[in-house]
Amino acid sequence: MRNSAHVVVIGGGVVGASVLYHLTKAGWTDVMLLERAEYTAGSTWHSAGGMHTLNSDPNVAKLQQYTIKLYEEIEKESGMDTSMHITGGVMLADTSQRMDWLKMSHARGRYLGMDTELISVAEAKELLPILDEQYFVGAMWDANEGHLDPSQITHAYLECARKRGAETHRHSWVRDMNRAADGGWDLTVYDTQSEQDKATVHCEHVVNAGGLWAREVGRMVGLELPLLAMEHMYLLTEEISDVVDYNKSTGKQLMHAIDFGGEIYMRQEGNGLLLGTYEQGGKPWSQRQTPWDFGARLLTPDLERIADSLDIGFKHFPVFAEAGLKQVINGPFTFAPDGNPLLGPVRGLPGYWSACAVMAGLSQGGGVGLSLANWITESDPGFDIWGMDISRYGDYATMAYTNEKVQENYSRRFRITFPNEFLDAGRNIATSPIYDRLAERNAVFGDGFGLEAALWFQKEGEQPVEEITFGRSNAWEQVRAETLAVRSSVGMWETTGFSKFRFIGSGARRYLDRLLAGRIPNPGRMSLTPMTNPAGNLIGDLTVATLGAALGVADGPETTTTGGATGNVRHGEEFILFGSGIAERYYERWFDQHLPSDGSVRYETLGFEMTGLSIAGPNARALLEKVTGTDVSQNGMRFMSFTEINIGLAPVWCGRV
């Protein structure tokens, strides 16, 4: 084992192997993978082996398509057989609403070049003769579905990487990780066979692909990753004559199926079938810590827990009723609160990368590896992967929050999330100072980045709940009335949920002028400006406002800009940035990466502690004049002005847009 590498990947499952492979494919060959036990010994080895492109995020779905198409290339390059079968698959809708969702998924996929087709129940029956038509209303067919051997594809990834110069080591447990003097990382590696220290490996980048142990690898650097393992069961049948007859008559395997009503998935395995389910009463595994001595082991099956799902599955696919049960597999998989991976660089830890919570490793592993390798080598993932970016979560994503949301998400794996639907778990973490007043007015709330936010106001005496639908919900008439009121008079909505930052220092203007694509405004003014990466791709749509230095005026008129009532420390310009609330951690990470090392720029995140309100409509100025003594007339506050005023007893920042 070398004592240094450019990149070290921790974890020898399919995700870590994919990251290593893609790094070498990008030309970085001074890379190393360290696995505590045997390759695939965490979750990969007991995976059901299925792969599909379906995902509620079309950008993630496109990367899943890339993953599946990559496998043929991996087989050829490695010279290894991964038992890959591209059978195609059908996603079966049991209700008109589910069919609407499939239509939406098909439309989204079409512009991304994905090969799907909406079909009738009769057509689905022709493709998959073992289903019972009476339980379905339609389906979507996907050519790019299939299954393969999870262990073999992992070894094939590793073989390809080794051919390009990568090192891989089993029985190499990274037990400690420390920041090196040069800003890199020193990893203490322990040999789990000899039970002795093996080496100290120095690297510039370290990738946490620890899978079941990703939390523990995160805690080595003071990071509590929002992920939780859930027990997951699937069953294997004995040989089924209908399956054998279909194989003989067509020369093909039965295709995959996802039955949304039954909340099950199904495919052929050998001469029998495999059936898995995401049951309602899902069971977390090792909620606080994963034992280091847990290896390639299965958990005790509990068929009672999935009995309701199995009953539905046996009705929808009657062939199961007569099939003999060969084996029940129960093993842990990790999930993030929303079910998507946690991918990317971590704020405050330069050179530390996350590639974990990839619960659909065989569907997503290739796309995850490609994106992260691009990110490490080119400073950009190359795709819109916001749905997988670790920065979509903030410090509100505690262990308790994660446990609630993961269990909720697991139970909804095959359920629709409707437009404007906000789920119940993990709510009321943060509320603004006016939350109670909004609730008293019968507000319907959603949440974003942990903060409760009023969406619209229900009629008095009715439940403040939005009826979920793809059509016009019960919010329609109320939102229409609110909109007309603003258009004809005045309305107010809360902007506390915006991200908010204050930049100060002698180099702040120069820093922001380089960071943002638009012009930085003069004192007392504000502007809208995009933030782009070096490739010119949009990564933020921000408002920047400038507060001038409070230097004073000789004759001391009332209009003098002041730095405060009893003190003045604003001797230079200050810049206030406003942006999307859910991107707060993303912005912080980007700001940090580009701060000058000379200390000439400092910033603070103002967060939800600063309440924001927006008033709009033809009577907005008249309303503002009632609550402030400041001149807010057309001349007193011009378009795109930004200044400090008092509203009642409170000093506020006020901008006109």
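The values are calculated or read from the model by the stated rules, or taken from the named source; none is laboratory data. Predicted, not measured: the structure shown is a model, and the values here were computed from it. Cβ coordinates were reconstructed from backbone atoms using ideal geometry, including for glycine residues, and neighbour counts include every protein chain displayed. For accessibility, only protein heavy atoms count, side chains too; no ligands or nucleic acids. Shrake-Rupley method; radii C 1.70, N 1.55, O 1.52, S 1.80 Å.
Database remark: amide H of Phe445 closer than 5 angstrom to the amide H of Leu455 (H placed geometrically; neighbours at sequence offset of 5 or more, or on other chains; Pro and chain starts carry no H). Run the numbers on region 113-152 and let me know its relative contact order in percent, using alpha-carbon pairs under 8 Å that are six or more apart. Once normalised by length, the contact order is 48 percent.
In this structure region 1-135 gives 38 Å² per residue of accessible area when probed at 1.4 Å with all protein chains present.
With R₀ set to 51 Å, the beta-carbon distance separating Arg502 from Asp197 gives a calculated FRET efficiency near 0.60. Couplings for region 354-359, taken from phi via the Karplus curve 6.51 cos²θ - 1.76 cosθ + 1.60 with θ = phi - 60°, read 9, 9, 9, 6, 8, 5 Hz in order; Gly and Pro are left as x. Restriction of the trypsin sites (Lys or Arg not before Pro) in region 435-539 to DSSP coil positions whose beta-carbon has at most 13 other beta-carbons within 10 angstrom yields Arg441, Lys459, Arg472, Arg519. With semi-axes defined as the square roots of five times the eigenvalues of the C-alpha gyration tensor, the equivalent ellipsoid of region 227-332 measures 29, 16, 12 Å, largest first. Taking 7 Å steps out from each Cα toward its Cβ at Thr188 and His571 produces label points 4.6 nm apart. Starting from the Kirkwood Rh over alpha-carbon pairs, what translational D in µm² s⁻¹ does region 574-657 have by Stokes-Einstein at 10 °C and 1.306 mPa s? Once the numbers are plugged in, D ends up at 103 µm²/s.
Residue order by solvent-accessible surface for Val544, Val221 is Val221, Val544, largest first, with ligands and nucleic acids left out and a 1.4 Å probe. Of the peptides 191-197, 336-342, the order by per-residue mean of other Cβ atoms within 10 Å, starting with the highest, comes out as 336-342, 191-197.
Divide the volume of the convex hull around the Cα atoms of region 369-447 by the residue count and you get 158 Å³ per residue. Which residues does a label at Leu325 reach in region 262-288, if reach means a backbone N under 13 Å from a point 7 Å past the Cα toward the Cβ? Taking a point 7 Å out along Cα→Cβ of Leu325, the residues of region 262-288 whose backbone N falls under 13 Å are 275.
Taking the Cα centre of region 556-656 as origin and charging only Cβ (+1 Lys, Arg; -1 Asp, Glu), how large is the dipole, in debye to the nearest 20?
320 debye
Rounded to two decimals, the Cα radius of gyration of region 139-181 over 2.2 N^0.38 Å is 1.94. Think of region 409-463 as having a plus end and a minus end, set by charges on the Cβ of Lys, Arg, Asp and Glu; of Thr417, Ser432, Gly446, Thr417 sits farthest toward the positive end of this dipole. Modelled this way, with points 7 Å down the Cα-to-C-beta line, the labels at Arg437 and Thr300 are 5.6 nm from one another. Could you pull out every one of the lysines with an alpha carbon less than 17 Å from that of Lys283, ignoring same-chain neighbours closer than 8 positions? Within the straight-line cut-off, Lys283 pairs with Lys405.
In order along region 425-441, the Karplus-derived 3J(HN,Hα) couplings, from 6.51 cos²θ - 1.76 cosθ + 1.60 at θ = phi - 60°, round to 5, x, 9, 6, 6, 9, 10, 8, x, 9, 4, 4, 5, 5, 5, 5, 8 Hz, and Gly and Pro are given as x. The mean accessible area for residues of region 544-613, using a 1.4 Å probe and ignoring ligands and nucleic acids, is 53 Å² per residue.
Using a Förster radius of 30 Å, what is the FRET efficiency between Lys103 and Trp653 based on their Cβ-Cβ separation? Nearest 0.05, please. That pair, Lys103 with Trp653, gives E of 0.10. For region 202-270, which whole-number percentage of the solvent-accessible area (1.4 Å probe, protein heavy atoms only) is attributable to carbon and sulfur atoms? Using a 1.4 Å probe with all protein chains present, region 202-270 comes out at 48 percent carbon and sulfur. Positive end of the dipole of the chain (Cβ unit charges, origin at the Cα centre): among Val490, Ile240, Ala257, the Cα lying farthest that way belongs to Val490.
In this label model, Glu239 and Phe470 are separated by 4.3 nm, measuring between points 7 Å along each Cα→Cβ vector. Placing +1 on the Cβ of every Lys and Arg and -1 on the Cβ of every Asp and Glu, with no other charges, gives the chain a dipole of roughly 1700 debye about its Cα centre.
Among the trypsin sites (Lys or Arg not before Pro) in region 565-657, those placed in a DSSP loop whose Cβ has at most 13 other Cβ atoms within 10 Å are Arg638.
Within the set Lys69/Lys163; Lys125/Lys315; Lys459/Lys500, which residue pairs have Cα atoms separated by over 25 Å? Too far apart for the 25 Å limit: Lys459/Lys500. Entry note, the chain: the mean residue ellipticity at 222 nm calculated from DSSP H runs of n ≥ 4, each adding -39500 (n - 2.57), is -8000 deg cm²/dmol after division by the residues and rounding to the nearest 500. Out of every Cα-Cα pair in region 42-172, what percent are more than 24 Å apart? When every Cα pair of region 42-172 is considered, 41 percent fall beyond 24 Å. When only alpha carbons of region 373-507 are considered, Rg and Dmax amount to 18.7, 58 Å.
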